[in-house]
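I have placed the structure first, in the form of structure tokens, so that the comments after it can refer back to it.
Only the coordinates and a few stated rules stand behind these numbers; no lab work does. Not measured: the values here are computed from a predicted model. Cβ placement follows ideal geometry from the backbone for every residue including glycine, while neighbour counts extend to all protein chains displayed.
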Amino acid sequence: MITLSFRYFFLLFFLFITTFYAVMKQKTVGGASLEEAPLQLMSLESPLYSLEKKRTFFTRDLKEERCSAYFVHLFASWCGPCIPELTDFRESKLLDFLEENHVCPLFIAFKDEEKQLISLVERSKLSSFFKENLYMTSGEDFLLSFKTTKIPETFIFDKEGLLQKHYVGAQDWKKELYRRQLLDIIP
């Protein structure tokens with residue numbers, strides 16, 4: 001009896017794993033499987049709200065000739081690891097580096113309230129350059145369009161809007177490694 005139950009359990013477990021794998025492999029983005037679909041910044045359809053310009057627009061409207069690359073950082077004022085990382089941007093002078101190299105930044109706050117976000121930016125003593133490039137989004141579909149469900153995350157896109165680098169979790173932006181990787185992407 002024990003042998004029969006063990007075999008039955010093993011068979012059910014095997015079926016569960018193969019079904020799970022098949023379902024995960026079938027998930028698609030834009031008609032292609034997740035493994036095949038390249039992430040393109042300009043094709044994302046989720047709305048962004050600009051705190052500086054007080055208007056909503058789509059990432060497809062972002063393409064600018066002056067951008068040599070795009071630095072997209074997803075965060076939130078309620079996210080514990082995100083807050084020290086924002087201060088790190090200032091202390092590392094990464095924002096100055098982005099501006100000098102014509103890398104267009106998008107700091108996108110997820111499910112945040114405008115007052116809390118502005119307060120966080122002021123407490124972090126972030127530059128006006130940061131404030132000009134600060135956006136909000138409320139929909140979880142925005143995170144899914146980036147093929148993620150967590151924050152903080154950072155994405156580096158080339159001039160054409162194709163994903164080149166992806167950093168998961170909070171990073172130590174003071175490291176020279178990040179600047180070198182950005183310079184490799186900039187034409």
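Under 5 Å between amide H atoms, partner at least 5 residues away or on a different chain: which partners does ALA69 have, H built in plane at 1.01 Å?
CYS104
Once you have all Cα-Cα distances for the range 72-111, histogram them in 5 Å bins from zero and send the whole-percent values.
6, 22, 27, 26, 13, 5, 1
Would you mind putting 99-110, 68-79, 170-181 in packing order, based on average other-beta-carbon counts within 10 Å, highest first?
Sorting 99-110, 68-79, 170-181 by mean packing, highest first, produces 68-79, 99-110, 170-181.
Going through the range 103-156, which trypsin sites (Lys or Arg not before Pro) have at most 13 other Cβ atoms within 10 Å and a DSSP loop state?
Those that pass, being in a loop and sparsely packed, are LYS125, LYS150.
Under the rule a/c < 1.5 gives rounded, and otherwise a/b versus b/c splits prolate from oblate, where does the range 88-133 land using the Cα gyration tensor?
Since a/c reaches 1.5 and a/b is larger than b/c, the shape of the range 88-133 is classed as prolate.
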